[in-house]
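Below is one structure, written out as structure tokens; the observations come after it.
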Amino acid sequence: MEKEINYGSDYKYIPTTSVGSGVGMDVLPDLFCHTVQIVNICLVGNPESKEFVLVDAGMPKSADEIISVTEERYGENARPKAIILTHGHFDHVGAVIELVKHWEVPVYAHELELPFLTGQKNYPEPDPTVEGGMVAKMSPMFPNEPINLGNKVEMLPSDGSVPHMPDFRWIHTPGHTPGHVSFFRENDRTLIAGDAFVTVKQDSLYKVLTQEQEINGPPRYLTTDWKAAKQSVIKLEELNPNIAVTGHGLPMSGELLSKSLETLVQDFDSIAIPDYGKYINKKLH
Ligand SMILES: [Zn+2]
Ligand SMILES: [Zn+2]
């Protein structure tokens with residue numbers, strides 16, 4: 001029987017943007033990155049092969065934009081094999097209900113993220129008091145109620161493989177959310193990092209607007225476990241990625257990426273962890 005799937009009742013259009021909004025980029029021949037307002041979605045798969053997936057599902061009310069970007073790249077009525085989620089925050093699942101209905105494809109996420117995707121558990125409230133400027137101040141308007149994908153969402157395979165992304169494996173990178181994952185391809189060291197770290201200072205409205213490149217930890221107002229977040233960045237740095245697409249900000253590669261990641265690991269406490277905020281009562285040392 002077809003079950004009803006739906007967003008949380010607090011889902012709504014969020015009026016925020018960046019200079020990258022609506023802009024797409026060929027990062028690699030089989031990796032296309034497109035910015036929806038302030039968040040990135042990825043289309044993974046060669047345009048000729050017609051075998052592709054969508055990684056993350058944009059902001060609320062962006063389904064039409066995502067469908068048209070997809071058809072532009074893969075042809076009229078093209079549909080991905082699946083939608084793969086780094087995590088379930090509103091800005092990464094914003095269009096997923098419409099997309100699942102339109103494409104009739106499965107969604108995959110980490111087991112620990114499923115409660116937030118099946119209507120069982122709210123994310124913690126965003127913390128508007130956290131050190132981090134305007135975006136944090138805006139964060140109370142961000143939806144945190146779980147969406148309900150019912151039986152349309154499945155657990156990522158426990159062997160680390162990623163459905164329809166043959167050379168990638170998923171890596172558990174919790175901290176920003178409990179079931180946050182990143183995707184890594186060993187042969188060309190390509191990393192899709194979600195919000196494990198980002199390449200824009202997400203807490204500065206000015207930097208979000210201009211997309212000025214600057215590595216940072218996960219977006220502060222929504223991160224609740226800083227100890228795990230730090231371990232996740234260490235794990236990703238050890239992979240020595242050559243190119244990284246993050247949930248927010250421009251793709252980063254080569255020496256800039258390795259140097260930036262090294263700095264982020266070394267100075268994580270001062271760069272990433274806010275000086276104050278309600279989720280930083282945990283001692284890190
Ligand atoms: Zn997030
Ligand atoms: Zn995000």
Identify the single condition in (1) out of contact with any Gly (no Cβ under 7 Å at 6 or more places or on another chain); (2) within 18 Å of PRO143 (Cβ to Cβ); (3) open to solvent by less than 30 Å² (accessible area, probe 1.4 Å) that LYS12 does not satisfy, given that it satisfies every other one. (3)
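Taking THR17 as the residue in question, decide whether it is part of a loop (DSSP other than H, G, I, E, B) and within 16 Å of ligand 2 (Cβ to nearest atom).
Numbers: part of a loop (DSSP other than H, G, I, E, B): yes; within 16 Å of ligand 2 (Cβ to nearest atom): yes.
Spelling it out, THR17 is indeed part of a loop (DSSP other than H, G, I, E, B) and within 16 Å of ligand 2 (Cβ to nearest atom).
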Can you find even one residue in segment 215-224 that is more than 14 Å from ligand 1 (Cβ to nearest atom), surrounded by 17 or more Cβ atoms within 10 Å (Cβ to Cβ) and not in a loop (DSSP other than H, G, I, E, B)? no
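Please count how many residues of segment 186-242 are among the basic types (Lys, Arg) and more than 16 Å from ligand 2 (Cβ to nearest atom). Walk me through how you get there before you give the answer.
Initially, segment 186-242 is screened for residues among the basic types (Lys, Arg), giving 189, 201, 207, 220, 227, 230, 235.
Filter once more, so that each one left must be more than 16 Å from ligand 2 (Cβ to nearest atom): 189, 227, 230, 235.
Qualifying residue count for the region: 4.
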Just to be sure I understand the filter: pairs with C-beta atoms under 7 Å, separated by 6 or more residues or on different chains, first member in segment 221-234 and touching a residue at least 40 places away in the same chain (Cβ under 8 Å), second member within 13 Å of ligand 1 (Cβ to nearest atom) and assigned to a helix (DSSP H, G or I). Which pairs pass? TYR221/VAL135; TYR221/SER139; THR223/ALA229
Answer residue from segment 89-104, given it is more than 10 Å from ligand 2 (Cβ to nearest atom) and among the charged types (D, E, K, R) and is nearest to the chain's Cα centre (by Cα) among those: GLU98
Within segment 230-268, residues being more than 16 Å from HIS172 (Cα to Cα), part of a helix (DSSP H, G or I) and open to solvent by 50 Å² or more (accessible area, probe 1.4 Å) number 6
Please list, ordered by first then second residue, the pairs with beta carbon atoms under 7 Å, 6 or more apart or interchain, first in segment 89-106 and outside any helix (DSSP H, G or I), second polar (S, T, N, Q). HIS89/THR177; GLY94/SER62; ALA95/SER62
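Does segment 53-66 include one or more residues that are open to solvent by less than 50 Å² (accessible area, probe 1.4 Å) and more than 18 Å from the chain's Cα centre (by Cα)? Steps first, please.
Step one: filter segment 53-66 for residues open to solvent by less than 50 Å² (accessible area, probe 1.4 Å), giving 53-60, 62-63, 66.
Retained after the next criterion (residues that are more than 18 Å from the chain's Cα centre (by Cα)): none.
The answer is no, given that none of the residues of segment 53-66 is open to solvent by less than 50 Å² (accessible area, probe 1.4 Å) and more than 18 Å from the chain's Cα centre (by Cα).
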With respect to the numbered conditions (1) touching a Leu at 6+ places or on another chain (Cβ under 9 Å); (2) of a type in the set (Phe, Trp, Tyr); (3) away from ligand 1 (no atom under 14 Å from the Cβ), which one is the sole condition not fulfilled by PHE142? (3)
Every residue from segment 26-63 that is at positive phi and either touching a helix residue (DSSP H, G or I) at 6+ places or on another chain (Cβ under 7 Å) or at pLDDT below 95 (or both): GLN37, LYS50, ASP56, GLY58
If we keep only residues of segment 141-181 that are out of contact with any helix residue (DSSP H, G or I) (no Cβ under 9 Å at 6 or more places or on another chain) and assigned to a helix (DSSP H, G or I), then the residue surrounded by the most Cβ atoms within 10 Å (Cβ to Cβ) is GLY150
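Please specify each residue of segment 200-212 satisfying the condition of being within 14 Å of ligand 1 (Cβ to nearest atom) and β-branched (Val, Ile, Thr).
Taking segment 200-212 and keeping what is within 14 Å of ligand 1 (Cβ to nearest atom), we get 200, 202-203, 208.
Of everything in segment 200-212, those that are within 14 Å of ligand 1 (Cβ to nearest atom) and β-branched (Val, Ile, Thr) turn out to be VAL200, VAL208.
Can you name the residue in segment 85-104 that is away from ligand 1 (no atom under 16 Å from the Cβ) and open to solvent by less than 10 Å² (accessible area, probe 1.4 Å) and, of all such residues, is nearest to TYR74 (Cα to Cα)?
So the first thing to find is which residues in segment 85-104 are away from ligand 1 (no atom under 16 Å from the Cβ), and the list is 97-104.
Next, only the ones that are open to solvent by less than 10 Å² (accessible area, probe 1.4 Å) stay: 97, 99-100, 103.
Values: ILE97: 21, LEU99: 16, VAL100: 18, TRP103: 14 Å.
Among them, the one singled out is TRP103.
The values are calculated or read from the model by the stated rules, or taken from the named source; none is laboratory data. This is a predicted model, so every value here is computed, not measured. Don't worry about glycine lacking a Cβ; one is built from the backbone with ideal geometry, like all the others, and counts go over all protein chains shown. Please note that ligands, DNA and RNA were not included when accessible areas were found on the heavy atoms of the full protein model with its side chains. Shrake-Rupley method; radii C 1.70, N 1.55, O 1.52, S 1.80 Å.
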